[in-house]
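The values are calculated or read from the model by the stated rules, or taken from the named source; none is laboratory data. Since the model is a prediction, treat every value here as computed from it, not as a measurement. Backbone-built Cβ (ideal geometry, glycine too); neighbour counts: all protein chains shown.
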Amino acid sequence: MSLWRTKSVEASIADTEEPEHALKKGLGALDLVVFGVGVSVGAGIFVLTGQAAAASAGPAVALSFVIAAVACALAAVCYAEFASTVPVAGSAYTFSFATLGELVAWTIGWDLVLEFVVGAAAVSTSFSAYLQVVLGQVGITLPAAVSGVEDGVVNLPAALLVAALTAVIATGIRLSSRLNQVLTAIKVAVVLLVVVVGAFYVSTANWSPFVPPSQGSAGGEDGALTAPLVQTLFGLEPSVYGAGGVVAAAALVFFAFIGFDVVATTAEEARRPQRDVPVGILGSLAVVTVLYVAVSLVITGVRPYSDIDPEDAAPLATAFTAIGVGWMGSVVAVGACLGLVAVTMILFIGQTRVAFAMARDGLLPRSLARTDPRTGTPVRITLITGTVIALLAALVPLSELSLLVNIGTLFAFILVSVGVVVLRRTRPDLQRSFRVPAVGVVATLSVLACLYLMLNLTLETWLRFVLWMVLGYVVYFLYARRHSVLALHPERTGTSRSDEERPR
């Protein structure tokens with residue numbers, strides 16, 4: 001039964017008021033919206049739009065973004081209710097602990113490492129690639145030995161970026177927020193410039209047919225391992241384009257939306273979480289959806305999707321170069337470079353807050369949950385997380401590992417969607433400033449949408465995900481279960497319903 005013990009909402013909120021484990025409250029609604037936009041508008045808007053159009057969906061990649069956005073929106077309203085009701089650091093981990101039990105909470109906490117640590121490392125390596133493009137335009141070439149592990153020894157730019165961000169994040173959430181606002185304003189301006197300039201070169205003939213007819217595909221070199229799981233399960237023939245291609249592209253571009261849930265991890269640092277967190281989550285998702293759809297229509301409008309190279313690392317810049325607007329390629333490279341700094345930083349912050357919550361609950365060493373009295377940040381966790389991310393970015397080629405980020409996030413969305421229904425039934429007395437409308441229907445649709453997108457990921461990705469989770473359970477049973485605060489203080493579980501434990 002200890003595997004399913006829950007931590008009461010009251011105990012979670014009480015933890016936020018302990019001086020040595022308290023985060024400083026300094027974020028407003030605008031800060032949270034910018035955090036969500038900042039983490040979502042990154043390389044995806046400059047890269048995935050073109051690659052998904054060329055490889056899977058054609059001009060209908062705009063619909064793929066809408067499908068992915070709908071799946072995110074269904075989960076987002078569940079996040080909004082949870083985060084405004086339980087304004088505690090940790091996002092899906094904390095919500096699962098309050099509803100589904102300690103084992104599920106550990107599962108999702110371990111799972112979020114895939115999203116935040118691996119995601120931050122992967123994005124920092126993308127920053128390194130774009131930085132070298134920008135430097136190359138002014139005649140500077142980095143030595144191959146320090147520019148990446150594929151052709152050299154170490155990815156020095158990626159490691160230096162993470163080191164600099166470690167210092168910024170350790171200094172305080174306000175400085176991180178201000179830096180994010182500046183970087184996000186610049187990259188959104190670049191995206192808007194892309195849309196405005198591109199609109200003058202759009203040929204509607206390139207959008208016909210909007211959904212290209214389905215075509216057969218030879219599949220990957222490794223057969224079933226590299227094919228979408230749904231094809232393997234149901235014996236479907238590999239294909240591209242058509243309705244199946246649009247959905248497959250949605251599973252790919254879902255990576256572009258990953259990170260809006262970081263807003264939920266900062267709920268404890270919001271000044272008015274009951275109002276500001278729902279605004280931050282839903283507002284940022286709405287903004288990035290509009291931007292992604294607009295850019296996808298531009299890139300497929302200015303250049304036929306059949307002419308886009310699916311392996312091109314900068315398809316948007318290439319599209320403008322192909323129509324004689326080469327200067328936009330430089331603008332896109334600079335915008336992407338700055339945008340990736342913000343994405344790396346916010347994913348980094350997300351991981352520190354999840355690890356902080358887990359340490360405060362004893363599932364990780366409690367000493368890691370102490371905050372600096374001056375900055376109000378978990379400095380120890382920040383330094384450790386920064387070191388791990390920097391080492392991964394500097395030494396490991398992450399092209400394969402980054403595929404795990406999508407499946408890990410979709411899994412988190414499923415657990416949050418289930419958890420919001422469970423908490424409605426187990427704690428109807430809690431005050432909820434934001435409520436999911438038709439919660440049973442919305443949560444069910446969220447689970448089904450996320451599960452279907454997961455099935456469109458490859459069998460190879462699923463196998464790696466299972467191996468990662470098995471490793472996590474080994475750590476749980478060897479350490480976390482015995483050191484859990486609930487194991488030492490059973491009175492903090494969610495079983496009590498006395499009047500004294502009513503939420504404040």
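Restricting attention to segment 369-386, the residues being in contact with a Pro (Cβ under 8 Å, 6 or more places away or on another chain) and among the hydrophobic types (A, V, I, L, M, F, W, C) number 1.
Tell me, please, whether a residue that is of a type outside the set (A, V, I, L, M, F, W, C), at pLDDT below 85 and either in a helix (DSSP H, G or I) or surrounded by fewer than 16 Cβ atoms within 10 Å (Cβ to Cβ) (or both) can be found in segment 466-473.
As a first pass, look at segment 466-473 and keep what is of a type outside the set (A, V, I, L, M, F, W, C): 472-473.
Now drop any that are not at pLDDT below 85, which leaves none.
Taking every residue of segment 466-473 in turn, none turns out to be of a type outside the set (A, V, I, L, M, F, W, C), at pLDDT below 85 and either in a helix (DSSP H, G or I) or surrounded by fewer than 16 Cβ atoms within 10 Å (Cβ to Cβ) (or both).
Quick one: in segment 411-438, of everything that is in a helix (DSSP H, G or I) and free of Cβ contacts under 8 Å to residues at least 24 places away in the same chain, which residue is farthest from the chain's Cα centre (by Cα)?
Within segment 411-438, the first condition is being in a helix (DSSP H, G or I), and the residues that meet it are 411-426.
Then drop every residue that is not free of Cβ contacts under 8 Å to residues at least 24 places away in the same chain, which leaves 421, 424-425.
Numbers: Val421: 23, Arg424: 26, Arg425: 29 Å.
The qualifying residue farthest from the chain's Cα centre (by Cα) is Arg425.
Being assigned to a helix (DSSP H, G or I) and buried (at least 22 other Cβ atoms within 10 Å of the Cβ) is a description that does not apply to Leu451. Being part of a loop (DSSP other than H, G, I, E, B), over 21 Å from Val240 (Cβ atoms) and not basic (Lys, Arg) is the requirement here; does Val298 meet it? Judged against the criteria, Val298 is not a match. Residues of segment 11-38 that are of a type outside the set (Lys, Arg), in contact with an Asp or Glu (Cβ under 9 Å, 6 or more places away or on another chain) and at pLDDT below 80: Ser12, Asp15, Thr16, His21, Ala22, Leu23, Gly26. Hey, among the residues in segment 346-387 that are within 17 Å of Val117 (Cα to Cα) and in a loop (DSSP other than H, G, I, E, B), which one's modelled with the highest pLDDT? The extreme case among them is Leu364.
Can you say whether Ala92 is in contact with a Phe, Trp or Tyr (Cβ under 6 Å, 6 or more places away or on another chain) and crowded, with 24+ Cβ neighbours inside 10 Å, as far as the supplied structure shows? Taking the combined requirement at face value, the residue does not satisfy it.
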